[in-house]
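See structure below.
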Amino acid sequence: MQESFDVLVIGSGAGGGPIACRLAEAGLRVLVLEKGPEYSRAEYVHDEIAIVRRDFFVPSIQDEPHTLVWEDATTSQKTTMGWIACCVGGGTVHMAGYFYRLHPDDFRMRSKYGVLADWPFPYEELEPYYTQVEEEIGVSGASGQNPLEGPRSKPYPLPPVDVHPFSSEIDRSCAKLGLHPFPSPRAILSRPYKGRAACVYCDFCGSYGCEVGAKSSTQEALLPRAVATGRCEVRSRAMVHRIVARGGEAQGVLYFDAEGRERFAGARTVVLSANAIESARLLLASELGGALVGKNLQFSVFSTGRAVYRYAAQKRRQSILRTRHPFLGRSVQDFYFLPELPVPKGGTIRFGFPHANPIFTAMRLAEEVHPPRWGSFLKERMREYFHESRTVEFETFADFLPNPGTYVDLDPEVRDRWGLPVARLHVNQPAHHAEAARILQARGLEILEATEPDEVHPGELSGVTGHLLQGTCRAGKDPADSVLDRCCRLWDARNLYVVDGSFMPTAGGVPSTLTIMANSFRVADLIRQSVGDNRPR
Amino acid sequence: MGFPLTRRSFLNFFLGAAAFVVSACTAPVRRLFGPIPQDSRAILEAATWRLVPSDEHPGAREAHVIGYIDKALSLPFYALAKPACWSHRRELERGAKLLESVALRDWGSPFVALASSQQDAVLGYVQGQDLEFFHTLLVLSLEGFLGDPVHGGNRGQAGWQAIGYVPGQPRPGSCGHPAKSHR
């Protein structure tokens, strides 16, 4: 049986959710095809083993590997790197939800600084959509404290989430150094909002689904609205394996349903949002988009550091330190730009507490020394960590620079459980990454030092996070150097759009989730203008 | 994506540990999972009792860590934090044999018959000889000690109590649905 819709959306996460909602509410008939299952809130338990350690949200490496060619390696290895989440809601279900906007200069790095690439539209065009996301899904924050923030048409709809009293120590330390800390904006409800409950501060935010619906995932905040129109179906366990196109026009998609049967769904407009790696993979497999598909893959560069405060030594602040609260909630963007570097970009420093997961913590404590500690030494160290001290951490986000050595192609040999060629990642890190990460880490450590801890330790340097994926279907003004036009529409298929992080010419020094959602709303408006609303049925 | 460092370090561990990753195993998976083989079991159980000892607080013995390991290895496609995950059962068998041979060589007794301090000495030596096995056993022991009891270890929450840890709610089973893989 042939099905036909106005719009097909591939993927239900940060890119797919907003556009499905907006177009269904505009009167179009929308089918969302999501590869993963649909989980219920009841399944969002805080079980470290099942959820974090056993592939609850991401495919297992046996079923659906990626392969990875890391820097100078001559062979590839199977990896789970580059999966965010396969479920209705995608990565927004288990994200920690740090929702920073990009800076206006992130859109014009080439024209202003002569490096990287310009976006085909400015911050000012995306700004109203940033505001729409913040208002419609519920983002908690406060503006006016960060001198690096771009212009805002409206304040945040919700005040910042409640934070640990030690946040005032971070504020004081930053003031001493002439820096400007601000509340980390969160896609978490600090108050009941639009019929959803507020955060209960369970301490198991990142990596886990939210059992009360306070995390502003597309599953909680947007897809129900889309479905409530009566014009949108979210079909889970549907693996799209080919976009069918003829004569420069997408006709629809072939997908495997939950029973493994191949089906076809047709549409006037197809919107792809499977994450920058998987969308590139699908376009490559469908032979669409041209030679630049998969190029300019960008992740995010991170470094970390931590400070330890021993209760016995910190008499004056012992009561503050002993307080249990999941959120420290402070970020610093004074080093978002680093004019001393050839690419003058730094990034964001975000202060918080280590994750509460005990097994992860135990392994980390074991591996603090080499060879790793075990036995009574480890048990003692764990008790000391949990009961005799407080640890504060920071992580930094810096631009991953697009470069010829970092891209996605199809693996010539490895297949997934459907027999399809998997995405092969090639990763190369320009020298900028280590420099920017080193500088941001040093600044973060200075801020922690100024809080008078008992110990300060640098952590990882120049790590790459596989959760933040950008760049592989670059949007631009010229088809010679881009895959998508300024509307995020393929140059060589004028009814096919890509709205996950693939479109981003630069990644910026912040997680890209909010930007992806805002652009998805923007592209929805462009599609509405192009195809018209409220088609009579 | 911000914290958790859990996932990011978790993933970064792959890349850092790329040098140690066993090349893709070509043996059929079905032969490689199932409970711990009997002749290795007593040795591995004794080893877990040393990796997480009982002192003034419970240890792997009270928490029944070996029960967790049995159950985990019986899952088809059990996945630890590394790609070649179907090699764990083989690693453990290999490691058990190594523990036994070192125990006999250095102390003239089977591993299970040694005093605790002697077992610790053997384990310390084996940690240097077979990094992969030791790491696997340590991770499995900590999972069995600190994971939710539905997975077969942390019996009576002994592990959580030992470190004074308050588990996250909701726990699996508390809402009628043990968390399960999407597979």
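The values are calculated or read from the model by the stated rules, or taken from the named source; none is laboratory data. The shown structure was predicted, so the numbers you read here are calculated from the model rather than taken from an experiment. With ideal geometry, Cβ positions are generated from the backbone for all residues, glycine too; neighbour counts draw on all protein chains shown. Note: areas computed on protein heavy atoms with side chains; ligands, DNA, RNA excluded. Shrake-Rupley method; radii C 1.70, N 1.55, O 1.52, S 1.80 Å.
The distance between label points at A:Lys194 and A:Val212 comes to 1.9 nm (points 7 Å beyond Cα on the Cα→Cβ vector).
Once you sort the root eigenvalues of the Cα gyration tensor of segment A:262-310 as a ≥ b ≥ c, which label holds: rounded (a/c under 1.5), prolate (a/b larger than b/c) or oblate (the other case)? Mind showing how you got there, number by number?
Values: a/c = 4.52, a/b = 2.46, b/c = 1.84.
Here segment A:262-310 falls in the prolate category.
The alpha-carbon atoms of segment A:232-348 define a convex hull whose volume equals 241 cubic angstrom per residue. Within segment A:1-107, all pairs of alpha-carbon atoms sorted by distance into 10 Å bins from zero give the percentages 12, 30, 31, 22, 4, 0. Remark on segment A:112-163: Rg and Dmax equal 13.6, 41 Å (Cα only).
Across segment A:56-68, rounded Karplus estimates of 3J(HN,Hα) from the backbone phi angles (6.51 cos²θ - 1.76 cosθ + 1.60, θ = phi - 60°) give 5, 9, 10, x, 6, 5, 6, 7, 9, x, 9, 10, 9 Hz, Gly and Pro being marked x.
Per residue, the accessible area of the protein assembly as shown comes to 35 Å² when a 1.4 Å probe rolls over the protein heavy atoms.
Seen through its C-alpha gyration tensor, with square-root eigenvalues sorted a ≥ b ≥ c, segment A:75-203 comes out rounded because a/c lies under 1.5.
Running Debye on segment A:264-408 with equal point scatterers at the Cα sites and no solvent, what base-10 log of I(q)/I(0) appears at q = 0.09, 0.13, 0.15, 0.16 Å⁻¹? Relative scattering, expressed as log10 I(q)/I(0), comes to -0.53, -0.86, -0.96, -1.00. When you filter the trypsin sites (Lys or Arg not before Pro) in segment A:439-536 for DSSP loop state and at most 13 other Cβ atoms inside 10 Å of their Cβ, you are left with A:Lys477. Once you list every other residue whose beta carbon is under 10 Å from the beta carbon of A:Leu189, what net charge do they have if Lys and Arg are +1 and Asp and Glu are -1? Once positives and negatives cancel, what remains is +4. Note on chain A: dipole from Cβ charges, positive end direction compared against A:Pro185, A:Phe335, A:Phe56; the farthest Cα belongs to A:Pro185.
Taking every residue in B:141-150 and counting other chain Cβ atoms within 10 Å of its Cβ, the average works out to 6. Taking the charge dipole of the protein assembly as shown about its Cα centre, with +1 at Lys and Arg Cβ atoms and -1 at Asp and Glu Cβ atoms, the residue from B:Val139, A:Trp119, A:Leu222 reaching farthest to the positive side is A:Leu222. Once backbone amide H atoms are built at 1.01 Å from N, A:Ser143 has A:Tyr156 as its partners under 5 Å, excluding neighbours fewer than 5 places away on the same chain.
Let me know the shape class of segment A:376-467, please: from the alpha-carbon gyration tensor, a ≥ b ≥ c as square roots of the eigenvalues, rounded when a/c is under 1.5, otherwise prolate if a/b is greater than b/c, or oblate.
Oblate, because a/c is 1.5 or more while a/b does not exceed b/c.
Which whole number gives the average count of other chain Cβ atoms within 10 Å of the Cβ atoms across peptide A:58-64?
That works out to 5 on average.
Note on A:Lys194: aspartates and glutamates with a C-alpha under 14 Å away, same-chain residues under 8 apart excluded, are A:Glu134, A:Glu135, A:Glu136, A:Glu220.
What is the sum of charges around A:Lys112, taking Lys and Arg as +1, Asp and Glu as -1, for the other residues whose C-beta is under 15 Å from the C-beta of A:Lys112?
On the way: positive: A:Arg108, A:Arg110, A:Lys345; negative: A:Asp105, A:Asp106, A:Asp118, A:Glu124, A:Asp399.
Neighbourhood net charge equals -2.
Based on the alpha carbons, how large is the Rg to Rh ratio for segment A:177-245 when Rh follows Kirkwood?
Numbers: Rg = 17.4 Å, Rh = 15.2 Å.
Using Cα coordinates only, the ratio equals 1.15.
Interface size, chains A and B: roughly 6300 Å² of accessible area buried, both sides included, 1.4 Å probe, rounded to the nearest 100.
Dividing the alpha-carbon Rg of segment A:186-297 by 2.2 N^0.38 Å yields what? Intermediate results must be reported in sequence, preceding the final value.
Numbers: Rg = 18.2 Å, N = 112, 2.2 N^0.38 = 13.2 Å.
Rg over 2.2 N^0.38 Å, computed on Cα atoms: 1.37.
Please work out how much length the chain gains when fully extended from A:Glu413 to A:Asp257, using 0.36 nm per residue of separation minus the C-alpha to C-alpha distance, in nm with one decimal.
53.7 nm
Gyration tensor over the Cα atoms of segment A:460-537: the corresponding equivalent ellipsoid has semi-axes (square roots of 5 times the eigenvalues, largest first) of 28, 16, 9 Å.
Near A:Ile320: Cβ cut-off under 15 Å, other residues only, Lys/Arg at +1 and Asp/Glu at -1. The net charge is +4. Each eigenvalue of the Cα gyration tensor of segment A:409-511, multiplied by 5 and square-rooted, gives one semi-axis; in descending order these are 37, 20, 12 Å. Summarised as an ellipsoid, the protein assembly as shown has semi-axes of 42, 30, 24 Å, derived from the eigenvalues of the Cα gyration tensor scaled by 5 and square-rooted, with the largest first.
First compute the accessible area of the protein assembly as shown with a 1.4 Å probe, then give the percent of it belonging to carbon and sulfur atoms. All intermediate terms of the calculation are to be shown ahead of the outcome.
Numbers: 13320 of 25390 Å².
Its accessible area is 52 percent carbon and sulfur atoms.
As a calculated quantity, the FRET efficiency between B:Ser117 and A:Ala434 at R0 = 30 Å, using C-beta atoms, amounts to about 0.10. Suppose we keep just the DSSP beta bridges with both residues in the protein assembly as shown; what percent of those would be antiparallel, to 5? Looking only at bridges with both residues in the protein assembly as shown, the antiparallel portion is about 70 percent.
Pairs spanning more than 28 Å between alpha-carbon atoms, out of A:Lys112/A:Lys295; A:Lys215/A:Lys295; A:Lys215/A:Lys379: A:Lys215/A:Lys295; A:Lys215/A:Lys379.
Placing +1 at every Lys and Arg Cβ and -1 at every Asp and Glu Cβ, with all other atoms neutral, what dipole size does the protein assembly as shown have around its Cα centre, in debye to the nearest 20?
Values: 79 positive and 79 negative charges, 232 e Å.
I would put it at about 1120 debye.
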